[in-house]
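Everything below concerns the one structure shown next.
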Amino acid sequence: MTPILPVVSALTAGVLIIMQMVLLATVVGTRRRAAQSLGDGGKDEVLRVSRRHGNFAENAAIFVAALTLMEMLGGARWNVEALAAVFVASRVLHAIGLSQTNTVNVFRITGVIGTVLAGIGVGARLLMLAANHL
């Protein structure tokens with residue numbers, strides 16, 4: 001049996017790590033401008049960019065790990081691609097939403113909903129695929 005290479009997951013991970021490094025760079029730049037090395041110092045902009053990066057990091061790593069397992073367990077390619085696309089698009093929307101002064105906006109809300117749906121989709125599919133191997 002030929003091993004299944006998680007190519008879609010690798011591409012997704014590549015896109016996400018670059019996005020995360022861009023978000024990290026914005027945190028560093030914002031902290032330097034605000035002369036704030038740790039914490040947010042009560043500065044809304046520092047808090048916003050820090051949470052934007054932190055929220056991304058909290059969600060991206062576990063999603064890529066789960067997507068990789070899904071792909072390696074034989075998840076349909078179209079399903080892996082669709083869930084990866086929804087997740088990446090949702091993370092972009094969420095980052096845009098947290099870049100706004102008014103953080104309650106359609107970008108952030110859509111980003112959260114898409115992230116949750118993609119995560120539940122991968123989780124449910126993983127349960128089904130893994131159950132087949134018990």
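When the stretch 5-134 is described by a simple charge dipole with +1 on each Lys and Arg Cβ and -1 on each Asp and Glu Cβ, the residue from Thr68, Ala57, Pro6 located farthest towards its positive end is Ala57.
Basic side chains Lys and Arg get +1 at the Cβ, acidic Asp and Glu get -1 at the Cβ, and with that the dipole of the stretch 7-131 about its Cα centre reaches some 300 debye.
The angle between the Cα long axis of helix 7-34 and the longest principal axis of the Cα atoms of the chain comes to about 10 degrees, rounded to the nearest 10. Comparing Arg91, Arg31, Arg52 in a Gaussian network model of the chain, where Cα atoms under 10 Å apart are tied by springs, the biggest mean-square fluctuation is seen for Arg31. Straightening the chain between Ala34 and Met128 buys 29.0 nm, computed as 0.36 nm per residue apart minus the Cα-Cα spacing.
Calculated on the alpha-carbon coordinates, the convex hull of the chain measures out at 106 cubic angstrom per residue.
Any read-out appearing in this document is the output of simple, stated calculations on the displayed coordinates, not a laboratory observation. Bear in mind the structure is a predicted one, so any value in this text is a computation, not a measurement. In this analysis, Cβ positions are derived from the backbone assuming ideal geometry, glycine residues included, and neighbour counts consider all displayed protein chains.
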